[in-house]
Amino acid sequence: MLSSIIIGGGPGGLGPLIWAAQHGLLPAWLDRGVAVVERQAYLGGTLGRCGIYSDSLGGSYLECLEASGLPPELQPLIHEPVAREMAAYRDSFPPLRLVDRFQRRIGVALGAMLAERSGLHLCTEARAVRLRPDGSVAVETVGPDGSEGTLFAHAAVVALGGRQFWRQAELRPGLTLADCRIPQMMLSDRALSAKGLEEANCILAEAGSRRILILGGAHSAYSVAGALLELPAAGRLAAGQIVILQRREPRIFYPNSQAALDDLYDFEPGDICPRTQRVNRMGGLRGYGREMWRQIAGRPGTQIERRVVTMPLQQFTAAQLRAMIEEAALVVPAFGYRSAMLPVFDADGERLALAADAGGTAVAQDGRLLLGDGSSLPSLFGIGLGTGYRLPSSMGGEPNFNGQANSLWLYQNDIGAVIYRGIHERLRQPTAAIAA
């Protein structure tokens, strides 16, 4: 029986493996049996579809390859061309296409270790998870040739990424996007992709005086605005033609308090991370989304961007908002992500109601999947985009931040450590032991 099964080989799923690699623990973990099930033909994720820049510095990606505990199989990667290319962005924001190539290269190296010492199942889809009477799990899979199989392990990690939430998001009491007749709509995830931007350029070229509405006030919303302004057709947009409709003003990241003061940004003591002294470390806009906000807000050293305006969603009635949406040339929902999940069945074959199924927080602070009643599943963990992980104070983060933590660095460090320790705690429990 395997020690663990990781369902999903993107940034979240690889996070615990990379944490273990940095601390010299990966070979021993693989020797106990680890299987990764990934629907794509490679590990590392699909960030390459995005035609924008990362909101993390290049140095944060390189950090995992500079750890002293790295196994021999991963040590040469820091000297390879893609890592040297990333090093040129150590103190700036690399394009996500470079991040994608970098992550895939790490995925190839990890995949080789898994294939040799444990288990790698590419082009394979996990269909369901079943809890067994002894506390172990069974993951039902479908391989590339359509063959069905089952993997057994003491624990499993669901890391399927996020799905954009928009259809039932209530804009105003009694009004959702599903209630509106929208001529052109593009989710932010697609609007930030290379193909989506091509489509958006055609829409902007034919927009005339009609508005482009971006719904949401977090990083995706401001990144979409910045990406649209880079398109050739954006040159013909009028002042205020792109509108970001948001419920509240976004928080902005600064490396320290003085940088915030220099930028004329008001902040509270609770916005400062006690671990790093950064302002809005977890909840603040970063990278090019941050710069978009600075241009809209006319911060020091910027040229004011007048083609984009922000408006509070609450200032419009449901009827006014509906009219704006239905008259817009393009509507881009940017409401964030919910965790993608698999059906989970108990030992009696009954499907369990997961908190994530109802749109709630998917995981507890120990990384275990939450049920709808608030209890957790001892042998099932979740990590990655949309899980809603709330940082404990031991991980830092500003006290005023109450959102979910989505960060590749956290997946490979603090959150990855939580998952690794949870799995190994499970392995030490007699009730989890079973003969293969």
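Worth a mention:
- Acute angle (nearest 10 degrees) that the helix 287-297 long axis makes with the longest principal axis of the chain, alpha-carbon atoms: 20
- Accessible surface calculations at 1.4 Å, restricted to protein heavy atoms, place the chain at 44 Å² per residue.
- Modelled FRET efficiency - R0 22 Å, residue 150 with residue 31, Cβ distances, 0.05 increments: 0.50
- By a 1.4 Å probe calculation restricted to protein chains, residue 150 has an accessible surface near 70 Å², given to the nearest 10.
- Cβ-Cβ FRET estimate between residue 142 and residue 425, R0 fixed at 35 Å, reported to 0.05: 0.70
- Residue 423 contributes an accessible area of around 0 Å² to the protein surface, as traced by a 1.4 Å probe with all chains present.
- GNM top mover of 364, 340, 239 - the chain, alpha-carbon springs below 10 Å: 239
- The chain: relative contact order in percent, alpha carbon pairs under 8 Å with at least 6 residues between: 21
- Cα gyration tensor category, rounded, prolate or oblate, for segment 120-184 with a/c compared to 1.5: prolate
- Cα pair count fraction exceeding 27 Å, expressed as % - the chain: 56
- Trypsin sites (Lys or Arg not before Pro) restricted to segment 91-182 and DSSP loop, no more than 12 other C-beta within 10 Å: 167, 181
- Split the accessible area of the chain by element, probe 1.4 Å, and carbon with sulfur accounts for 49%.
- The angle between the Cα long axis of helix 11-22 and the main principal axis of the chain comes to about 60°, on a 0 to 90 degree scale.
The values are calculated or read from the model by the stated rules, or taken from the named source; none is laboratory data. Since the model is a prediction, treat every value here as computed from it, not as a measurement. Glycine gets a Cβ as well: all are built from the backbone with ideal geometry, and neighbour counts include every protein chain shown. Note: areas computed on protein heavy atoms with side chains; ligands, DNA, RNA excluded. Shrake-Rupley method; radii C 1.70, N 1.55, O 1.52, S 1.80 Å.
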